[in-house]
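Right, one structure below, let's go through it.
The values are calculated or read from the model by the stated rules, or taken from the named source; none is laboratory data. Here the structure is a predicted model, which means the values were calculated and not measured. Here the Cβ is made from the backbone with ideal geometry for all residues, glycine too, and neighbour counts use every protein chain on show.
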């Protein structure tokens, strides 16, 4: 079973395992904000590599995600294709892809990567949410925990909104700004 459960209307958990020396499934297509859980045998890991390295069955990391032997959890933060291999078995063709689309059909604009910021980040008690000029004043700000669970949402926030972090435990969260025109997600670390 590939889909484990639906966490919210916009986030799904996907499971990637291994069947011998192959990832199972080898390719998944998911939405931004979804979670991928790698459940691997103890002699397999998953490291992100470039497309060229992936094509040549190499195992040189590109500095992206890295799952230890046995697996781990990965939440993609960009709309793109993530290429990964099992480092000791890449030369045998143990590789996979995670194709990340924008969710709910909203277009992703790479030029909007600086639209959403949280400062400070990492943060302790609060952070200020800033975003660039939006053509559409209607917006929704969501905060998801590391499992993809929606922990806070508010509609029509203003630029410079102070987000109170006192109710949140220490850890990694994802802040999502959504309008009718686009969706942008950034990682926020609460210390």
Handout entry: Residue check for residue 37: at pLDDT below 90, on the phi < 0 side of the Ramachandran plot and not in a loop (DSSP other than H, G, I, E, B)
Key = no
Practice task
Could you please give the count of residues in region 60-76 that are in a loop (DSSP other than H, G, I, E, B) and buried (at least 20 other Cβ atoms within 10 Å of the Cβ)?
Solution key: 2
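Would you check which residues across region 165-191 are outside any loop (DSSP other than H, G, I, E, B) and surrounded by fewer than 17 Cβ atoms within 10 Å (Cβ to Cβ) and list them? Don't jump to the end; show me each part of the working.
Narrowing region 165-191 to residues outside any loop (DSSP other than H, G, I, E, B): 171-178, 183-190.
If the condition is that a residue be outside any loop (DSSP other than H, G, I, E, B) and surrounded by fewer than 17 Cβ atoms within 10 Å (Cβ to Cβ), then 171, 172, 187, 189 are the ones that fit.
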Practice task
From (1) in contact with a helix residue (DSSP H, G or I) (Cβ under 7 Å, 6 or more places away or on another chain); (2) in a strand (DSSP E or B), pick out the condition that doesn't hold for residue 57.
Solution key: (2)
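Right, residue 159: within 20 Å of residue 33 (Cα to Cα), modelled with pLDDT under 85 and surrounded by fewer than 16 Cβ atoms within 10 Å (Cβ to Cβ) or not?
On the way: within 20 Å of residue 33 (Cα to Cα): no; modelled with pLDDT under 85: yes; surrounded by fewer than 16 Cβ atoms within 10 Å (Cβ to Cβ): yes.
Answer is no for this residue.
Among the residues of region 177-191, which ones are within 16 Å of the chain's Cα centre (by Cα) and over 14 Å from residue 127 (Cα atoms)? Talk me through it step by step, then tell me what you get.
Taking region 177-191 first, the residues within 16 Å of the chain's Cα centre (by Cα) are 177-178, 183-189.
Residues satisfying the conditions are 177, 178, 183, 184, 185.
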Exercise for the section: Could you list, in sequence order, all residues of region 77-121 that are part of a helix (DSSP H, G or I) and either at pLDDT below 70 or within 22 Å of residue 141 (Cα to Cα) (or both)? Expected result: 103, 104, 105, 110, 111, 112
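Taking the condition part of a loop (DSSP other than H, G, I, E, B) and either touching a strand residue (DSSP E or B) at 6+ places or on another chain (Cβ under 9 Å) or modelled with pLDDT of 90 or more (or both), does residue 130 pass?
Numbers: part of a loop (DSSP other than H, G, I, E, B): no; either touching a strand residue (DSSP E or B) at 6+ places or on another chain (Cβ under 9 Å) or modelled with pLDDT of 90 or more (or both): yes.
Spelling it out, it is not the case that residue 130 is part of a loop (DSSP other than H, G, I, E, B) and either touching a strand residue (DSSP E or B) at 6+ places or on another chain (Cβ under 9 Å) or modelled with pLDDT of 90 or more (or both).
When region 162-181 is examined, which residues are found to be modelled with pLDDT of 85 or more and closer than 15 Å to residue 32 by Cα? Lay out the reasoning, then the answer.
Going through region 162-181, the residues modelled with pLDDT of 85 or more turn out to be 162-175.
173, 174, 175 - these are the residues of region 162-181 that are modelled with pLDDT of 85 or more and closer than 15 Å to residue 32 by Cα.
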